[in-house]
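Beneath this line is the structure, given in structure tokens, with notes to follow.
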Amino acid sequence: MDGAEFVRRLVAGLAADAAQALVRRLDRPRLPRLDGTFEVRGLDGSVEVIRDRFGVPHIYAGSRRDALFAQGFVHAQDRFCQMELDRRFGHGRVAEVFGPAALPLDRAARVLGFGRTAAIDLEQADDALRAALDAYGDGVNAWIRSPGFRVPVELALVGAPRPAPWTALDSL
């Protein structure tokens, strides 16, 4: 390797390290607090979420509704970027955030009818399934409304707006 190649690789490595440090710095305030006590409106009773040594949440609740609510809250805490991208893909609305380059994805989702199929499934859902989807969505929305919520860094970097409330249709 000659001197010019060495310098080029060194500069590229330093630039990559600087970019990584910047993303970590931007992301740090967006990371959820995983310990302590949260006051969350919408629960019928107390819920305990214990994370094991791998960070996997284990939910203990007095009712099915509270367990599903907590599951939505925890999912949103841990995976909201993925959830928002999946929701946008399912509705054919990725280009709203990522621009014209994402139009083929939106067209595919709409041609395949993911949103229409989900709407039909929701319309035909029995009361138990609808209650489960609503409880889960209430938990997701509790996280979105919480003081600790920040738009995930991946979405903030592309200028994504604060997300709309989560619905049963979004889950399907």
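Rounded, prolate or oblate: which fits region 84-172, taking a ≥ b ≥ c as square roots of the Cα gyration tensor eigenvalues, rounded meaning a/c under 1.5, else prolate when a/b beats b/c? Oblate.
When the Cα gyration tensor is reduced to axis lengths a ≥ b ≥ c, the ratio a/c is 1.5 or higher for region 53-127, and with a/b not above b/c it is classed as oblate. Using label points projected 7 Å from each Cα along Cα→Cβ, tell me how many nm separate H58 and F114, to one decimal. Going by the 7 Å Cα→Cβ label model, 3.4 nm. Accessible area per residue was computed with a 1.4 Å probe on protein heavy atoms; L169 scores about 50 Å².
Only Lys, Arg, Asp and Glu carry charge here, each on its Cβ (+1 for the first two, -1 for the last two); on that basis region 56-172 has a dipole of about 280 debye about its Cα centre.
The values are calculated or read from the model by the stated rules, or taken from the named source; none is laboratory data. Because the structure is predicted, anything quoted here is derived from the model rather than measured. With ideal geometry, Cβ positions are generated from the backbone for all residues, glycine too; neighbour counts draw on all protein chains shown. Keep in mind that these areas ignore ligands, DNA and RNA; they rest on the heavy atoms of the full protein, side chains included. Shrake-Rupley method; radii C 1.70, N 1.55, O 1.52, S 1.80 Å.
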